[in-house]
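Engineer: Questions regarding the structure given below will be posed in turn.
The values are calculated or read from the model by the stated rules, or taken from the named source; none is laboratory data. Quick caveat, the model's predicted, so the values are computed rather than measured. Positions of Cβ are backbone-derived with ideal geometry, glycine not excepted, and every protein chain shown enters the neighbour counts.
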Amino acid sequence: MTVFEAASVPGEVPPADAVAPKDSTADAPTSVARLNTTIRDFVARWNTVWVEGEITSWNLRAGNVFARLKDTRSDAQISLRIWSSVRARIPSDLGIGDHVVAAVKADYFVKAGDFSFTVSAMKHVGLGDQLERLEKLRFQLRQEGLFDPARKKPLPFLPHVIGLITGERSDAEKDVHRNAELRWPAVRFRTECAAVQGDRCVPDTLAALRRLDADPEVDVIIIARGGGDPQTLLGFSDERLVRAVAAASTPVVSAIGHENDHPLLDDVADLRASTPTDAAKRVVPDVGEQRSLIAQLSARATSRVMQRVSHDIAQLEQLRSRPVLRSPAHIVDGRAQELLLLAARGRDAVTRQLDDAGRRTGELRASLRALSPAATLARGYAIAHREGGVILRDAAEAPAGTELTLTLDRGSVAARSEGEVPEDA
C-alpha cells in the first residue's frame with residue numbers, strides 16, 4: 001500500500017502529490033477506507049509534541065474526557081482526547097478556562113474520519129486570558145452590587161406579553177414558545193431575533209433589549225440560547241450587555257442553557273433559568289395547576305364556611321336550650337315577686353317612718369306649745385310693751401303717762417301708765 005511521501009514533523013505541509021495514494025485516478029479512484037488508512041498511517045509517524053493553549057471545552061464521557069484547546073493568541077483550536085488511564089495521572093481540577101500545556105500525539109480514526117490529538121500528559125500554566133478577564137469583571141460587578149438579590153425585580157405572576165430575544169428560527173425559540181403555550185395557551189410573545197454568538201451577538205442583543213424594554217406591553221424579557229461551549233457564549237459576559245440588563249426596567253430572565261460555567265448574564269439577570277424550556281416553565285404559570293389550586297382553595301373555603309356555620313348553629317342551639325331563653329317569662333315572674341316583696345317592705349318602712357315622724361312632730365308641737373308665750377296669754381296673762389315694741393320687765397320702765405300696748409291672748413289694747421303701784425296694793 002502506498003503511503004504519503006512527506007516529513008513526519010507535525011505542522012509541515014506535505015507535498016501536493018502526498019495528499020492521496022499515488023495510484024488513484026478518476027477512472028480508478030481509491031476507496032474511502034484506503035484513503036483513511038493512508039492518512040492514519042501518515043499521521044501515526046508524527047511524534048508527540050508539547051502544545052500550549054486554553055481549554056474551551058471539557059466533556060466527561062464514560063471516564064474519558066473530550067476537550068478542545070484554543071491558541072492563546074488566535075482563534076485556532078484542536079480537539080483533544082484524554083483516556084481514563086491518562087486522566088488519573090493529570091490534575092483533577094482541570095476545566096474550562098484553564099491555561100495548560102499538554103503532551104499530544106496526532107490520531108486519526110479510520111472509521112469516522114475524525115482527526116484529534118490524544119493527550120498523554122497535561123499540566124497547569126495559569127488562568128487563560130479570557131477567564132482571567134471574566135473573573136476580574138465578575139469581581140468588579142459583584143463589588144458594585146449588580147449581583148445583589150435585593151436589587152433584582154420580581155417576575156409578574158401572569159405576564160400579558162413576553163419579550164423573547166433569541167436566534168432566528170432557533171430551537172431555543174421553539175422550546176420557549178411550545179412550553180409556554182402548553183402551560184398557558186393564551187400567552188403572547190414579542191420576539192426579537194438576534195445573533196447569539198459571534199461579533200453581532202452583543203450589538204444585536206443590546207438593540208433588541210432596548211426595544212423590548214421600551215415597550216409598555218412587555219412584562220418580562222427572556223434572553224434564550226440553547227447552550228454551547230464557553231467560547232461561543234462570551235458575548236453573554238460582555239460588560240455592555242451585562243450593565244444594560246442590570247439597568248433595564250423590565251424583569252429579565254437569562255436562559256442561556258449552560259450549566260457548567262454560566263456567563264455573567266446569569267448573575268445579573270433577575271432570574272436564571274437552566275434552559276429555555278425551564279425559562280418558559282418559570283415565567284408562565286401552568287393553567288392546569290392554577291385551576292387545581294383554585295379548586296382546592298374553593299373546597300377549603302367551602303369547608304371552612306360550612307364548619308363555621310355548623311359551629312354557629314350548635315352555639316345557637318346551646319343558647320336556645322338554656323332556661324333563660326327557653327322561657328324568658330320565668331325570669332320576669334321571679335323578678336316580679338321580688339319587686340312585690342321589696343315594694344311591700346318599702347311601704348312598711350315608709351309607714352313606720354311616717355308614724356315615727358308623726359309622733360315626734362306631736363311631741364315637738366306639745367313642747368312648743370308648753371314653751372310658747374301664747375299659752376301663757378291664754379291663761380289670762382298679758383304682755384306690756386312701750387313704743388317701739390320694747391317689752392316691759394320692770395315697773396320703773398313705765399313711769400306715769402307712758403303709752404303702753406298690752407298684748408292679750410286675743411288681740412291687743414292701748415293703755416297709759418299711771419305710775420308704779422306699790423307692792424302692798
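Engineer: Would you pick out the residues in segment 150-166 that are buried (at least 18 other Cβ atoms within 10 Å of the Cβ) and either more than 23 Å from ALA247 (Cα to Cα) or within 28 Å of the chain's Cα centre (by Cα) (or both)?
Structural biologist: PRO159, ILE162, GLY163, LEU164, ILE165
Engineer: May I pose another question? Return only the number of the condition from (1) surrounded by 18 or more Cβ atoms within 10 Å (Cβ to Cβ); (2) at pLDDT below 90; (3) on the phi < 0 side of the Ramachandran plot; (4) not basic (Lys, Arg) that GLY257 does not satisfy.
Structural biologist: (3)
Engineer: Taking ASN64 as meeting all but one of (1) crowded, with 17+ Cβ neighbours inside 10 Å; (2) touching a helix residue (DSSP H, G or I) at 6+ places or on another chain (Cβ under 8 Å), write down the number of the exception.
Structural biologist: Just one mismatch for ASN64, condition (1).
Engineer: Oh, and also: So ILE162 passes all but one of these: (1) β-branched (Val, Ile, Thr); (2) assigned to a strand (DSSP E or B); (3) over 14 Å from VAL283 (Cβ atoms). Which condition number does it fail?
Structural biologist: Result: ILE162 fails condition (3) only.
Engineer: Condition first: surrounded by 12 or more Cβ atoms within 10 Å (Cβ to Cβ), more than 17 Å from LYS105 (Cβ to Cβ) and hydrophobic (A, V, I, L, M, F, W, C). Now tell me which residues in segment 24-61 satisfy that. It would help to see each step written out before you state the result.
Structural biologist: Of the residues in segment 24-61, the ones surrounded by 12 or more Cβ atoms within 10 Å (Cβ to Cβ) are 24, 29-30, 34-46, 48-49, 51-60.
Remaining after also requiring more than 17 Å from LYS105 (Cβ to Cβ): 24, 29-30, 34-38, 54-60.
Within segment 24-61, LEU35, ILE55, TRP58, LEU60 qualify.
The rows are residues; the columns are (1) in a strand (DSSP E or B); (2) at pLDDT below 80; (3) charged (D, E, K, R).
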site	(1), (2), (3)
ASP355	no, no, yes
GLU363	no, no, yes
ALA366	no, no, no
LEU377	no, yes, no
ALA415	yes, no, no
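Engineer: Is it the case that some residue within segment 147-154 is part of a loop (DSSP other than H, G, I, E, B), closer than 30 Å to ASP286 by Cα and either acidic (Asp, Glu) or touching a helix residue (DSSP H, G or I) at 6+ places or on another chain (Cβ under 7 Å) (or both)? It would help to see each step written out before you state the result.
Structural biologist: Pass one, segment 147-154, residues part of a loop (DSSP other than H, G, I, E, B): 147-148, 152-154.
Those left that are additionally closer than 30 Å to ASP286 by Cα: 147-148, 152-154.
Add one more test, that the residue is either acidic (Asp, Glu) or touching a helix residue (DSSP H, G or I) at 6+ places or on another chain (Cβ under 7 Å) (or both), and what stays is 147-148.
Scanning segment 147-154, I find at least one residue that is part of a loop (DSSP other than H, G, I, E, B), closer than 30 Å to ASP286 by Cα and either acidic (Asp, Glu) or touching a helix residue (DSSP H, G or I) at 6+ places or on another chain (Cβ under 7 Å) (or both), so the answer is yes.
Engineer: Quickly run through segment 1-49 and pick out the residues that are of a type in the set (A, V, I, L, M, F, W, C), modelled with pLDDT of 50 or more and in a loop (DSSP other than H, G, I, E, B). Break it down stepwise before answering.
Structural biologist: Within segment 1-49, the first condition is being of a type in the set (A, V, I, L, M, F, W, C), and the residues that meet it are 1, 3-4, 6-7, 9, 13, 16, 18-20, 26, 28, 32-33, 35, 39, 42-44, 46, 49.
With the extra rule that they be modelled with pLDDT of 50 or more, the set shrinks to 20, 26, 28, 32-33, 35, 39, 42-44, 46, 49.
Answer for segment 1-49, where residues must be of a type in the set (A, V, I, L, M, F, W, C), modelled with pLDDT of 50 or more and in a loop (DSSP other than H, G, I, E, B): ALA20, ALA26, ALA28, TRP46.
Engineer: State the number of residues belonging to segment 169-205 that are surrounded by 15 or more Cβ atoms within 10 Å (Cβ to Cβ), of a type in the set (A, V, I, L, M) and within 19 Å of VAL284 (Cα to Cα).
Structural biologist: The number of residues fulfilling the criteria is 5.
Engineer: If a residue must be modelled with pLDDT under 90 and farther than 15 Å from ASP98 by Cβ, how many such residues does segment 62-75 contain?
Structural biologist: The qualifying residues number 5.
Engineer: Can I ask one more? Name every residue in segment 399-413 that is part of a loop (DSSP other than H, G, I, E, B) and either in contact with a strand residue (DSSP E or B) (Cβ under 6 Å, 6 or more places away or on another chain) or on the phi > 0 side of the Ramachandran plot (or both), in order of residue number. First the steps, then the outcome.
Structural biologist: Within segment 399-413, the subset part of a loop (DSSP other than H, G, I, E, B) is 399-402, 408-411.
Within segment 399-413, GLY401, GLY411 meet the criteria.
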